[in-house]
């Protein structure tokens, strides 16, 4: 009598068990590459990250582009809502996991978050380098299929509804990434940025640059959404730790408290 062996199905990962322990791996393979016998010490973090998501090693230009994007978005800074959420967790004494989960939750949405990157990448899938198609996509977006999960988008994805002009870091990132991109999305975006900003009435945002870079790298929109969440966590983690050391008395926001303009006064029971 034989028992059927359970198999974990994955295109990404394969393991060979230790002879004396079926629950411990003797060898691990990522898309056919021996992680600890071959990749360790030879592949960089960005190359391994690309391999995990794409199941193939990156070319030199692809690795350079992804590394540039990772540096550009690693720390959005305290002005970013997701970083500030992590800072609040840190200054409040929450656990490290709580700080990262706060950053992920706040940074997942359609206003400067990972969902906005996904929507912009869907635009690249639908519009390519067709300017008229892009203008229609940005100004007349398709309806969300799952309105119970995501509300209707309130602004063109990849552009800042609160911005005045395109920030210097966004322009610097676009210029640098375009020079190292194996694709044409970033180059086209740089050329058409003034037209797109005029049509939308909004400046290009970092989410728009990230979406174009991820499209040039061949990632799908869901993969781009996940990578954007992941690559922005280092800054959130660092700022959460820093605020935990400083304590609430040195928290940089609202040091004098909040002024409630329509304060109803103390609660009184009927």
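GNM on the chain, alpha-carbon springs under 10 angstrom: the most fluctuating residue among 134, 13, 124 is 13.
Estimate the FRET efficiency between residue 55 and residue 140 by the formula 1/(1 + (r/R0)^6), using the beta-carbon distance for r and 30 Å for R0, to the nearest 0.05. Before the final figure, lay out each step's value.
Working: r = 36 Å, r/R0 = 1.19.
So the FRET efficiency works out to roughly 0.25.
At an R0 of 22 angstrom, the distance between the Cβ atoms of residue 79 and residue 248 translates into a FRET efficiency of 0.65.
When the chain is fully extended, how far beyond the present Cα-Cα distance does residue 108 get from residue 179, taking 0.36 nm per residue of separation?
Numbers: separation 71, 0.36 × 71 = 25.56 nm, distance 2.86 nm.
Extra length from residue 108 to residue 179 when fully extended: 22.7 nm.
Classify the stretch 1-126 as rounded, prolate or oblate from the Cα gyration tensor: take a ≥ b ≥ c as the square roots of its eigenvalues, call it rounded if a/c is under 1.5, otherwise prolate when a/b beats b/c and oblate if not. Please report the intermediate quantities before stating the final value.
Numbers: a/c = 2.07, a/b = 1.57, b/c = 1.32.
Since a/c reaches 1.5 and a/b is larger than b/c, the shape of the stretch 1-126 is classed as prolate.
The slack in the chain from residue 191 to residue 230, taken as 0.36 nm per residue of separation less the alpha-carbon distance, amounts to 11.2 nm. Against the set (1) 46, 45, 35; (2) 64, 38, 35; (3) 75, 54, 39, the structure's computed Cα extents along the principal axes in Å falls on (3). Spin-label model, residue 18/residue 162: points 7 Å from Cα along the beta carbon direction are separated by 5.1 nm.
Semi-axes of the equivalent ellipsoid of the stretch 13-59: what are they in whole Å, largest first, if each equals the square root of 5 times a C-alpha gyration tensor eigenvalue? Mind showing how you got there, number by number?
Values: eigenvalues 105, 22, 10 Å².
Three semi-axes, in Å: 23, 11, 7.
Adding -39500 (n - 2.57) for every DSSP H run of four residues or longer, then dividing by how many residues the chain holds, sets the calculated 222 nm ellipticity at -15500 deg cm²/dmol.
Given R₀ = 35 Å, what would the calculated FRET efficiency be for residue 133 paired with residue 45, taking r from the Cβ atoms and rounding to 0.05?
Working: r = 36 Å, r/R0 = 1.03.
Calculated value: 0.45.
Could you give the length gained by full extension between residue 26 and residue 172, i.e. 0.36 nm per residue of separation minus their alpha carbon distance, to one decimal place? Can you show the working numbers first?
On the way: separation 146, 0.36 × 146 = 52.56 nm, distance 4.54 nm.
Length difference between fully extended and current span is 48.0 nm.
Since every read-out is calculated from the coordinates, none of them should be taken as a lab result. Fair warning: this is a prediction, and the values are worked out from it, not measured in the lab. A quick note on method: Cβ atoms are made from the backbone with ideal geometry, for glycine too, and the neighbour counts reach across all protein chains shown.
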